[in-house]
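Notes to accompany the following structure.
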Amino acid sequence: MPNEMGINMSKKTRIAAANMAVDPRDIEGNISKMEKLIDRASKSSIDLIVFPEQSVTGYGTKGMTLFSAEDKLFFQQHAEPIPDGPTVKRFIRKAKEAELYICFGMTELDEERFNVTYNTVVLVGPEGYVGKTRKVHLPLCERLIHMPGSEYPVFETAIGKIGIEVCFDKCFPEVARSLALKGAEIILGPTAWPNITKSEDDPDHKASLVFSQARALENMVVFVESNQCGAPYGGFSRVLGPNPGQILAQAGFEEGLAIAELDVRAEINHARMVSMGGSDLLRDRMPFTYGALAEESPYGIYCRS
């Protein structure tokens, strides 16, 4: 069984980030593994468990570095509407039974447009369906398989205001900033981030760590990252706090749960009133000096205002 890793802070909200090996062709096996981890989390009084990007359907047999017509067909055949599809309904039942929030990735079917799918992350809880976020920034060959999303919603829950960004979205600071400005206290980052060398010196691994810590610190929010593990993925699922250098829990390369317990609002209040000399990085923004960033970009059609 996976090991539990992390540190305990004074009570409040208990969060688990799952390091999970996902089979790109075994949907029932993936869901069964997730349900077992949810049962473990429930016994440990976890309030929120976060699973990786595409934890239900997998991220494709070749990742997204190479286009695969077989993968595209698989996604289309197994995409489901949200929230009315069988997988979301199954996790709603599980969330009610386990009395916790569950965040997971799957392939969404667009019911209005033929053969259109999205890489989507869903949030359910004891109250039922909470909401979904479609991945906006699609790297490499993923843009040949899925359509991008276009919104950054924030969801009101019993454990705080939650926003979601999906994997490559974290490379763009505007995403997390948009969520923070809408009031998000916890940002969830399900991902399938690679680590080809299986080393902490791997360049992609280092980039992933820096991006996540930057998103937590620059917005002074809790950032929960759940990554796939096993080749070619890098694991290191983490719970990051809003204060400088706060790694509250961290897994390694193997399957497991990174578990942290913290008072979310107390940590955010400390970050914004005490840390960094009392500099609140949201309050101290000077947006009137920034201009229309998208319009000024040299990258043309890829930048939208």
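Show log10 I(q)/I(0) for the chain at q = 0.11, 0.12, 0.13 Å⁻¹, two decimals, from a solvent-free Debye sum over equal Cα scatterers. Those come out to -0.62, -0.74, -0.88, one per q. Cα convex hull, region 74-144: 90 Å³ per residue, rounded to a whole number.
Loop-located chymotrypsin sites (Phe, Trp or Tyr not before Pro) across region 52-144 with a Cβ neighbour count of 13 or fewer within 10 Å are Phe114, with loop assigned by DSSP.
Here the Karplus relation 6.51 cos²θ - 1.76 cosθ + 1.60, evaluated at θ = phi - 60°, turns the backbone of region 52-66 into coupling constants of x, 3, 6, 5, 8, 9, x, 9, x, 5, 10, x, 10, 7, 10 Hz, with x for every Gly and Pro. Taking chymotrypsin sites (Phe, Trp or Tyr not before Pro) across region 183-290, the ones in a DSSP loop with at most 13 further Cβ atoms lying within 10 angstrom of their Cβ are Tyr290. Relative contact order of region 101-154, please, whole-number percent, based on alpha carbon pairs below 8 angstrom and at least 6 residues apart. This gives 29 percent for region 101-154. Give Lys94/Lys170; Lys72/Lys135; Lys33/Lys94 a once-over and call out the pairs whose C-alpha atoms are over 18 Å from each other. From Lys94/Lys170; Lys72/Lys135; Lys33/Lys94, over 18 Å: Lys94/Lys170. For region 216-231, the Karplus equation 6.51 cos²θ - 1.76 cosθ + 1.60, evaluated at θ = phi - 60°, returns couplings of 5, 6, 5, 10, 6, 10, 7, 10, 10, 10, 10, 10, 5, 10, x, 3 Hz by residue, with Gly and Pro reported as x. In this view, the solvent-accessible surface of Ile159, computed with a 1.4 Å probe and all protein chains in place, comes to about 30 Å².
Mean sequence separation of contacting Cα pairs (under 8 Å, at least six apart), scaled by the length of the chain, corresponds to a relative contact order of 22 percent.
For region 1-121, what relative contact order do you get, as a whole percent, if you take Cα pairs closer than 8 Å and at least 6 residues apart? Relative contact order here is 27 percent. Over all directions, the projected convex hull of the C-alpha atoms in region 1-158 averages 9.8 nm² in area.
The values are calculated or read from the model by the stated rules, or taken from the named source; none is laboratory data. Every value quoted in this text rests on a predicted model; they were computed, and no experiment measured them. Glycine gets a Cβ as well: all are built from the backbone with ideal geometry, and neighbour counts include every protein chain shown. Protein only, heavy atoms only, side chains kept; ligands, DNA and RNA dropped before computing areas. Shrake-Rupley method; radii C 1.70, N 1.55, O 1.52, S 1.80 Å.
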